[in-house]
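The values are calculated or read from the model by the stated rules, or taken from the named source; none is laboratory data. All values derive from a computational prediction rather than experimental measurement. All Cβ positions, even for glycine, are placed from backbone atoms using ideal geometry, and neighbour counts span all protein chains on display. Each accessible area value is taken on the protein alone, full model and side chains, heavy atoms only, with ligands, DNA and RNA left out. Shrake-Rupley method; radii C 1.70, N 1.55, O 1.52, S 1.80 Å.
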Amino acid sequence: MPYRSPLLEAPRAIAPPEGHPESGVPWHWGDPFAEQRTAARGVVVIDRSHREVLAVTGEERLSWLHLVISQHVTELAEGTGTEALVLDSHGHIDTHFVLAHLDGTVWIDSDPGASATSALPKGGKQTLLEYFEAMKFWSKVEIRDATTELALLTVLGPDAERVLSAVGAEVGPAPYTVTALPGGGFARRMPWPARSSVDLAVPREQLADWWQRLTDAGARPAGSWAFDALRVESLHPRLGTDTDERSIPHEMGWVDSAAHVAKGCYRGQETVSKVHNVGRPPRSLALLHLDGSPEITPETGDPVRLGERVVGRVGSVVQHHELGPIALALVKRSTPAGAELLAGAEDRVVQATVDPDSVPGEHAAPGREAASRLRG
């Protein structure tokens, strides 16, 4: 049965449209643009309890994980975390997740439905838990589904420290610092989707209580719309929305942050090293400013065209409180920054411009100038 957060029963909580990738948690609380402004200037709390959680324990937890994921974790210290991927044998991205190492357990949280290409002879897809179990062999590790144990909330904004301190949640200043929460769970400092972002993994049965404590301390309720707007603005992809079956870590900006180019012994590593050493990938993730004058927007998977030529694919599409309609897109590296593009299909085609600041090596003009040209 699909997950449905208990917070969706709260007054003013609005569920996302059917089929939305963030189904199961509040989309917004009545004023999505005000929620975004508060995230930029104050502090908000966002329900992300639909994320799935695994727990890896055992004396070989780090050495074993090091062999089956893309990140270097043999020396992942207690009280720290990182991001990582599982790749297929060709280096294409299967799934993305975030880790937290605390008190002898590596906690792994991922988007709902995380899967991996099967390592078994028949191929196909497995859940992330099934994949890990299939790769365990004789390693001294234990892996369990901990989704019923912990639920994720994200607190972000310039005033996050004050609110966290008020509820007894202390976290270090460095990205991916992990500290224990009173009563169970952990707090993890994140470098995105905005400055002062902290994930709270709280006991699932205490989700509503933690939400109440945070809002009583001054955090404004915000929905996944606000999180996605900040995520898109900061150029962070969502697996399955901004990726396709050919996506590799270099295209998504996940090299270094989630994929280690120097370590060996993981599936897909040859592709990661080759692309890193030989040259840039053929595509890159870019921020598109969309023409907001028509009351239409492209959809995920729609083409991006330069003249008659398809040069990319639309991913996440959001309405931003300052930038208006924006989107992430995988575009060919040959696409010039500032070029007049068309994004969309059928009756939802709009003009679009690549934000020059989002293209590696390009700094021709600030993104808001590109947006103003479309609106001017």
Item to check | Solvent exposure, largest accessible area first (probe 1.4 Å, DNA, RNA and ligands not counted), of R162, R333 | outcome: R162, R333
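Assuming 0.890 mPa s and 25 °C, estimate D for the chain with Stokes-Einstein, Rh taken as the Kirkwood radius over Cα pairs, in µm²/s. Mind dumping the intermediate values first?
Numbers: Rh = 21.4 Å.
Estimated via Stokes-Einstein, D reaches 115 µm²/s.
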Next on the checklist: Rounded to the nearest percent, how much of the accessible area of the chain (1.4 Å probe, protein heavy atoms only) is carbon and sulfur?
Outcome noted: 52 percent
Next on the checklist: Among V349, G253, Q126, which residue has its Cα furthest toward the positive end of the charge dipole of the chain, with +1 on Lys/Arg Cβ and -1 on Asp/Glu Cβ?
Outcome noted: G253
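Let's see if you can work this out: charge +1 on each Lys and Arg Cβ, -1 on each Asp and Glu Cβ, no other charges. What is the dipole magnitude of the chain about its Cα centre, in debye to the nearest 20?
Values: 36 positive and 50 negative charges, 122 e Å.
For this selection, approximately 580 debye.
Using Cα-Cα distances under 8 Å and only pairs 6 or more residues apart, what relative contact order does region 115-244 have, in percent? Walk me through the intermediate numbers first.
On the way: 165 pairs, mean separation 25.4, N = 130.
After rounding, I find 20 percent.
Please report the relative contact order for the chain, taking Cα pairs under 8 Å with a sequence separation of at least 6, and give it as a percent rounded to a whole number. It would help to have the intermediate numbers written out before the result.
Working: 877 pairs, mean separation 60.5, N = 376.
It rounds to 16 percent for the chain.
Are there any GluC sites (Glu not before Pro) in region 227-300 that are in a DSSP loop and have at most 12 other Cβ atoms within 10 Å? List them by number.
Working: sites: E233, E245, E251, E270, E295, E299; in loops: E245, E295, E299.
Qualifying residues, ordered by number: E245, E295.
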Item to check | Pairwise Cα inverse-distance average, inverted: Kirkwood Rh of region 3-63 (Å) | outcome: 13.8 Å
Next on the checklist: Let me see the P(r) profile for region 21-98: every Cα-Cα distance counted, bins of 10 Å, each bin given as a percent of all pairs.
Outcome noted: 14, 32, 26, 22, 6
Item to check | Relative contact order (percent, whole number), region 53-145, Cα cutoff 8 Å, 6+ residue spacing | outcome: 33 percent
Checklist entry - Just the accessible area for I14, please: 1.4 Å probe, Å², rounded to the nearest 10? => result 70 Å²
Checklist entry - Which length gain, in nm to one decimal place, applies between T57 and T74 when the Cα-Cα distance is subtracted from 0.36 nm times their residue separation? => result 4.7 nm
Item to check | Selected from F97, A77, W138, residue furthest toward positive end of dipole (region 53-145; charges at beta carbon) | outcome: W138
Item to check | Dipole of the chain, positive direction: furthest Cα of A166, V178, P336, with charges on the beta-carbon | outcome: P336
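Compute the accessible area per residue over the chain, keeping the other protein chains in place, probe 1.4 Å, unit Å². Walk me through the numbers on the way to the answer.
On the way: 16090 Å² over 376 residues.
Accessible area per residue: 43 Å².
By accessible area of protein heavy atoms, probe 1.4 Å, what ranking do H96, H289 get, highest first? Mind dumping the intermediate values first?
Working: H96 20, H289 0 Å².
Sorted by accessible area, descending: H96, H289.
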Checklist entry - With every protein chain in place, what's the accessible area of V68 (1.4 Å probe, Å², nearest 10)? => result 10 Å²
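With charges set only on the Cβ (+1 for Lys and Arg, -1 for Asp and Glu), what does the dipole of region 53-145 come to about its Cα centre, in debye to the nearest 20? Numbers along the way, then the final one.
Values: 6 positive and 14 negative charges, 67 e Å.
Around 320 debye, computed over region 53-145.
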Item to check | Pairwise centroid distance, computed over Cα atoms, of region 103-179 with region 288-332, Å | outcome: 31 Å
Item to check | Heavy atoms of M190 accessible to a 1.4 Å probe, total area in Å² rounded to 10 | outcome: 10 Å²
